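We did not get these values from a lab; they are worked out from the coordinates using the rules stated. Please read all numbers here as calculations on a predicted model, not as lab measurements. Ideal geometry is used to build each Cβ from the backbone, glycine not excepted, and the neighbour counts take in all protein chains shown.
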Amino acid sequence: MICWFCSLREAQVKHTYGIDMYGEVDAKTTSALTDIAYRVRHVEVPRCADCHRRHRQARFASNLSVLFFIVAVAAAPAIILKWTPPLISGIWLGLAVGLVLTALVSVKLILKGIHSLRKSHAKYPEIQELLKQGYRFGQRPKAGIPKSDPSRKASEEETSSST
Ligand SMILES: [Zn+2]
């Protein structure tokens, strides 16, 4: 199978990009108990070793950009509250902003010519199909009591009206 991300190289099983999605949530509340049923689907996107490596590097660079962004934001109170001399906070801010931009450009360059993971979340046919069915990313509904999916509710109303 050809790698979905570059459409060039042969995909390898050990580099497959796997992601879990859940859906068809069915929440029923009976007195004090809430019974939640849902399905989990594991989607596998064929990927080659090179794309896997580039995705890892891109994630690293993108994490760095977040880190530098926090460092840049931290310069604001330093300037306002005069924690450091203006020259120092100026260098601090300039350097951090420069590093944020460098990291962001690196992500672009690393992923040049291949699809990003985010793109696969939006464009991979099997994922698209599941999203259309109301599936979401993750292994389980998030904290709190989830609501039934609209499709579930609709089918439930249908059955109750027919009886
Ligand atoms: Zn590839």
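Sequence-ordered 3J(HN,Hα) estimates for region 48-61 from the Karplus curve with 6.51, -1.76 and 1.60 and θ = phi - 60° stand at 9, 4, 5, 5, 4, 4, 5, 5, 5, 5, 5, 5, 4, 5 Hz, glycine and proline given as x. In terms of overall dimensions, the C-alpha atoms belonging to region 32-72 reach 49, 34, 6 Å along their principal axes, ordered largest to smallest. Mind grabbing the base-10 log of I(q)/I(0) for the chain at q = 0.08, 0.14, 0.19 Å⁻¹? Debye formula, identical points on the C-alpha positions, no solvent, two decimal places. Log-scaled intensity ratios, in q order: -0.45, -0.87, -1.09. So which lysines pass the test for Lys147, namely a Cα distance under 21 Å, with those fewer than 8 places away in the same chain ruled out? Candidates past the 8-residue exclusion: Lys28, Lys132.
Mean-square fluctuations from a GNM of the chain, with a 10 angstrom spring cutoff on Cα atoms, peak among Gly94, Gly23, Gly138 at Gly94. Charges were assigned to the Cβ only: +1 to each Lys and Arg, -1 to each Asp and Glu. The resulting dipole of the chain about its Cα centre is roughly 720 debye. Consider a paramagnetic label point 7 Å from the Cα of Leu131 along Cα→Cβ; state which residues of region 30-51 have an amide N under 16 Å from it. Zone members listed by number: 43-45.
Quantify how much of the Cα-Cα distance distribution of region 60-135 extends past 21 Å, in percent. Above the 21 Å cut-off, region 60-135 has 50 percent of its Cα pairs. Looking at the chain as a GNM with Cα springs under 10 Å, which of Ser31, Ser106, Ser148 has the largest mean-square fluctuation? The residue with the greatest mean-square fluctuation here is Ser31.
Taking each DSSP H run with n ≥ 4 as -39500 (n - 2.57) and averaging over every residue of the chain yields -17500 deg cm²/dmol at 222 nm.
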